[in-house]
Each structure stands twice: as C-alpha cells, then as structure tokens.
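Every read-out reported here was derived from the displayed coordinates using simple, explicitly stated rules and does not represent laboratory data. All of these numbers come straight from a predicted model, not from anything done at the bench. Here the Cβ is made from the backbone with ideal geometry for all residues, glycine too, and neighbour counts use every protein chain on show.
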Amino acid sequence: MTFAEHLQKIGFKGPGFDRIRLIAALIVVLHHCSFYSTTHIAEDFLSVASGGAIDFGRFAVNIFFVTSGVLVTPGLLRSDDLVSFTVNRSLRIMPALIVVVTATVFLVGPIITTLPAAQYFSDMETYLYLKNITFRAVRYLPGVESADGTAIIVNGALWTIYFEVLSYGALALLFLSGAIRRPKVLLFVFAATYALYVYSYVMVSNPLGVPDTLLIFSQLFVYFLAGVILSTFSPLIPYSGRIAALLVLISYISFPLGIVTFTFPISISYIVAYAGYSNLLGSRNLKIDLSYGVYLIHSVVLTVLSVTVPQIDGFVSAAIAVIPITAFLSFLSWVCIEEPCLRRRKLAGDMVQRVLQVFRTKRASPTKPRAEL
C-alpha cells in the first residue's frame, strides 16, 4: 500500500500530526528548561550521543519542519491556488506571533526589566524587539537580565519562524516554476539541499564561505523538503510499518556509527509521516491545537520565572512551573486568537482574491486618452 492509497483509505486525515506537533513543542520546552542545570543547553544527551550533530531542541524543530512540509503541500497541489496558500499560512503564523511579541514588549518587559519604566520605554532597543513580528530575531529587551547582570534571551524560540517562512516561500517558488510537479527537478532540488546540509555539518570551517543564514536554512529546509517529497510522491512511496520500524532501527544505530547527519533527514521524515497518518498516537484529531502557542509562549514564561522566582533553581522545578502556565496561556491563545482567525481563512482568502481581481482589471483596462481642449 502506498501513502496515497492509505490516505484515501483513512479519508485524507492525519490524526497523529496534532499530537506529534504537541510532543515536539513539549520537547522544546523541556530543552529550554535545561538551562537551569547547564549553561550549554545544546550539549544534551542527543548532542553527546550524536557527536554534536543534533540536540533535543533541534530534533523537535526538525519534526515541526517535516510536519509542515507533509501537511501544506497536498492543499497547495489540490487547490492550485497560491493566494489561498499564502493567506492560510499567514493566518496560522501571524496573529499569535503579533500578540505574543507585542505583549512581551508592552506587558512583560516593564514587569521584569531592572530599568525604570520611563527609561525602558524611552530606549529604542525596546521597540527593536518588535522586529520579531517581521521574522527578524531580536533576542533582548533593555534591562532584562539575570541576578549577575547577564542579559537574558527573552524568547529563544522565535528564530525558527524566519526559516519556516522562507520554507513556505521556497515551496511557492517550486509551485510557480512548476518544479513541484516535475519529479526529476524536485529530486534535484532535494539533492542540492541535502548536499548543502551535509556540508554545513561536515565542513565546519566553511571553506567555501557559504553565508551562515543559507547553511542554517539548509539544515531545516532539508526536513521540510523531505515532507514535501513524501506528499508529492505519495502514489509511489510505500506506507509500511516495516519500513518505519527499519528506519527507527537505522536512526538508533546512526548514533554509535556517527552517521546521524546523513540518515536523519530521510529516516525521521518517513517515521513522522508514517506516525502522523496512523492511529499510533490516537484515532481522532485534537479539537484544540496548543502546539504553536506552546512553542511561542513557553520561553517568555521561562524568562519571567527565572527573573521573578529565584526559588526555581532546577530542571524539574522549572518544568513543573513552566508547563502548566504555558499550557493555560496557549489555550487562551488558541481560543481567543488562533482558532477564530483560522475559521476566517476562506473569508480572508475571498477578500484577497477580490482585491487582486480589481487590481488586475485596472491594469488590463486601456487608459482613456484625455480630451483635447
């Protein structure tokens, strides 16, 4: 049975993806909580086992990118409508991001900064933090620092959103160029991305001088593109528990063999897609999707607690405090912001289409010559 045949059998639903995203978000939360036990949170168990190829935080982010590639591609191919795709992605990302970043600047910042309110609000660096809304990561707010005076990264999770948006942009280019419907071209793009991704890890000194942003993008886009390929080639790729189990084994033995960099983009992508379209984690979609809210909010909660509650001084106590607070705020984000915006996707898409149609009509209509006096 292929992926396409399995999808038809289950009614084109992926009940596991909601839970996979939530689990990935919680892994990121726990990863960031580990800063209470180490100053180098990237040097966790996975990092040590893989020789620095991957840590729990990056592992979870990779899962997010695979999931995005798998889920957004079928809708774009079915609708053949780039405008609706753009509107849908914007409504999923932007509303909660705008609220979280704005609230961080104007509500959270004044509470946890060591500066007087007047000085905090008169400092231009305060407003530079709003650049996070445009996907340009700004890590610090004036006066937000630890007890020893070290500046604290306010929201360490926001950096990936820029690369997520770039991935959607790259998918749009593949769609516009027709490459997404041309298997050989799509496989070539994946091979080139995979080669750059391997280069970024193997050639640490970067002898070719490739821009760092491009290298980081390749490390994430290779997973996104693997998800795109799994969707695009779904009529050809077998949907098999045996293949998934074999890839789990390959992923496991990749650690002692030191080949995690080479195997994970393929093995993890297939495993995520297989689990997402299975009933392994549940047979029904979750009615409430907290994953994005958890990802956006948890780091701010962690920052507030680290500044205001010095009694929290360990990984376990941090996790116990951060997870329920984050879950509650994420629930509010879903109920009050995310879900209402998602319900209006069609309305927003139709409005954008009408505006574009008016614009096209004006451009197409000939200009009337002026009457001579």
Net length gained if the chain between residue 214 and residue 5 were fully extended (0.36 nm per residue, minus Cα distance) = 71.6 nm
With the charge dipole of region 1-126 built from beta-carbon charges (+1 for Lys and Arg, -1 for Asp and Glu) about the Cα centre, the Cα from 35, 77, 88 projecting farthest to the positive end belongs to 77
So, with +1 on the Cβ of K and R and -1 on the Cβ of D and E, and no other charges, what is the size of the charge dipole of region 3-360 about its Cα centre, to the nearest 20 debye?
-> 1520
Return the calculated 222 nm mean residue ellipticity for the chain, to the nearest 500 deg cm²/dmol, obtained by summing -39500 (n - 2.57) across DSSP H runs with n ≥ 4 and dividing by the residue count.
-> -21500 deg cm²/dmol
Mean-square fluctuation maximum in Gaussian network of the chain, Cα pairs under 10 Å, restricted to 59, 264, 188, hits 188
Would you grab the residues whose amide H sits under 5 Å from the one on residue 2? Only those 5+ places off in sequence or on another chain, please, with H modelled 1.01 Å from N.
-> 239
Region 217-248-region 7-22 distance, computed between alpha-carbon centres (Å) | 15
Expected max-MSF residue from 283, 234, 299 in the GNM of the chain (alpha carbon, under 10 Å) is 283
Total charge of the residues flanking residue 11 in space, meaning their Cβ is under 15 Å from its Cβ, with Lys and Arg +1 and Asp and Glu -1, is +3
Taking the Cβ of residue 177 as the center, what net charge do the other residues with Cβ under 15 Å away carry, scoring Lys and Arg +1 and Asp and Glu -1?
-> +2
With r defined as the distance between the Cβ atoms of residue 339 and residue 257 and R0 fixed at 41 Å, what FRET efficiency is calculated, to the nearest 0.05?
-> 0.40
Ranked list, fewest to most other Cβ atoms within 10 Å of each Cβ, for 159, 334 = 159, 334
Could you state the number of Å between the C-alpha centres of region 115-171 and region 285-360?
-> 17
For the chain, would you read off the P(r) tail past 33 Å as a percentage of all alpha carbon pairs?
-> 36
Magnitude of the charge dipole, region 103-253, Cβ model with Lys/Arg +1 and Asp/Glu -1, debye to 20 | 820
A correct fewest-to-most ranking of 189, 48, 66 by other Cβ atoms within 10 Å would be 48, 189, 66
Most positive-pole-ward Cα, 355, 174, 22, against dipole of the chain from beta carbon charges = 355
